[in-house]
1. I'd like to verify a number: residues in the range 109-147 that are among the aromatic types (Phe, Trp, Tyr) and touching a helix residue (DSSP H, G or I) at 6+ places or on another chain (Cβ under 6 Å), how many?
2. Looking at this structure, is Phe106 aromatic (Phe, Trp, Tyr) and outside any helix (DSSP H, G or I)?
3. How many residues, within the range 190-207, are touching a residue at least 12 places away in the same chain (Cβ under 8 Å) and surrounded by fewer than 16 Cβ atoms within 10 Å (Cβ to Cβ)?
4. Out of the range 141-198, which residues are of a type in the set (Lys, Arg) and in contact with a strand residue (DSSP E or B) (Cβ under 9 Å, 6 or more places away or on another chain)?
5. Can you pull out the strands (runs of 3 or more DSSP E) entirely within the range 124-231 that have at least 3 residues that are more than 12 Å from the ligand (Cβ to nearest atom) and of a type in the set (A, V, I, L, M, F, W, C)?
6. Just to check your reading of the model, which residue among Gln267, Gln186 is open to solvent by 60 Å² or more (accessible area, probe 1.4 Å) and over 20 Å from Leu29 (Cβ atoms)?
7. Kindly check whether there is at least one residue in the range 152-161 that is surrounded by 19 or more Cβ atoms within 10 Å (Cβ to Cβ) and farther than 21 Å from Leu189 by Cα.
8. Consider the range 231-264. How many of its residues are in contact with a Ser or Thr (Cβ under 9 Å, 6 or more places away or on another chain), open to solvent by 60 Å² or more (accessible area, probe 1.4 Å) and closer than 22 Å to Leu29 by Cα?
Amino acid sequence: MNREELDRYERDGFLVLKNFVSREACDSLRARAEELVRAFDPAGIVSIFSTREQTRTSDDYFLGSGDKIRFFFEENAFNPDGTLRQSKEKSINKIGHALHDLDPVFDKFSRTDAIRHLVSDLGIENPLLLQSMYIFKQPRIGGEVTCHQDATFLYTEPLKLAGLWFALEDATIANGCLWAIPGGHQLGLKSRFVRAKEGGTRVEVFDSSPWPEEKVEPLEVEKGTLIVLHPLLPHLSRENRSAKSRQAYTLHVIDAASDYPAENWLQRSKEMPLSGF
Ligand SMILES: O=C(O)CCC(=O)C(=O)O
């Protein structure tokens, strides 16, 4: 990252880097995600959604995903009896959250010199790859992601977090591109999403004022683009009503020198510690 790019990142809270990854690298990640979905048997998950203890079991599935490869469905993917409305391939919202450590293709995509240098330029000196997600934004049913800051979910003290969003396909307003509030990272952290002592999760609110959503701007980008997100940048994506998917891969990197609180929702087991590049 050059000085001008770093200045833009500091001013806007995000940075758009065109052609950061090759089209071939995007295609190999897409092909691998397709294979993972093909091999995934949704029966066990569907049973989670049809059980009478739905909240507890779906919480456990989510909260236990920090060191696993797990599949999450679109909100409207299920019939009232818990069966899928359409094929699993067309129902999955995302895969998370340790693809980068558990799958060789995702590992290779995530651990490149280019990413290592970029993260170092952002001031993360002792990088640890914390979280990865493959986001499908399915045609017609891709749900919205409401306005949020990544630090709400992945908080460190002091706050050091690089949010990397890779466009694996062209992202447009029609197929649900990212939107962000330029400069909105100056607004301060509004909330934290944490594990509740009694089980499940809760949101700790510091500032309940609404986002100035009239200031959001679309970030329409081409396949291969990397969008770097400041941990405090308010951003969102709208529903995808178009006939095209809008697949993306996200990677979040923290600094080993910062404290990673035990109440953060995403945790690893002792057997699978975080690692760097
Ligand atoms: O890709 C999207 O639609 C939104 C992703 C996002 O904002 C996030 O995962 O933090």
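1. Of the residues in that region, 2 qualify.
2. No; evaluated as a whole, the condition is false for this residue.
3. Count: 8.
4. Within the range 141-198, Lys160, Lys190, Arg192, Arg195 qualify.
5. The qualifying strands (runs of 3 or more DSSP E) are 127-135.
6. Of Gln267, Gln186, the one residue that is open to solvent by 60 Å² or more (accessible area, probe 1.4 Å) and over 20 Å from Leu29 (Cβ atoms) is Gln186.
7. no
8. Within the range 231-264, residues that are in contact with a Ser or Thr (Cβ under 9 Å, 6 or more places away or on another chain), open to solvent by 60 Å² or more (accessible area, probe 1.4 Å) and closer than 22 Å to Leu29 by Cα number 1.
The values are calculated or read from the model by the stated rules, or taken from the named source; none is laboratory data. Please read all numbers here as calculations on a predicted model, not as lab measurements. In this analysis, Cβ positions are derived from the backbone assuming ideal geometry, glycine residues included, and neighbour counts consider all displayed protein chains. Surface areas here come from the heavy atoms of the whole protein model, side chains and all, with no ligands, DNA or RNA. Shrake-Rupley method; radii C 1.70, N 1.55, O 1.52, S 1.80 Å.
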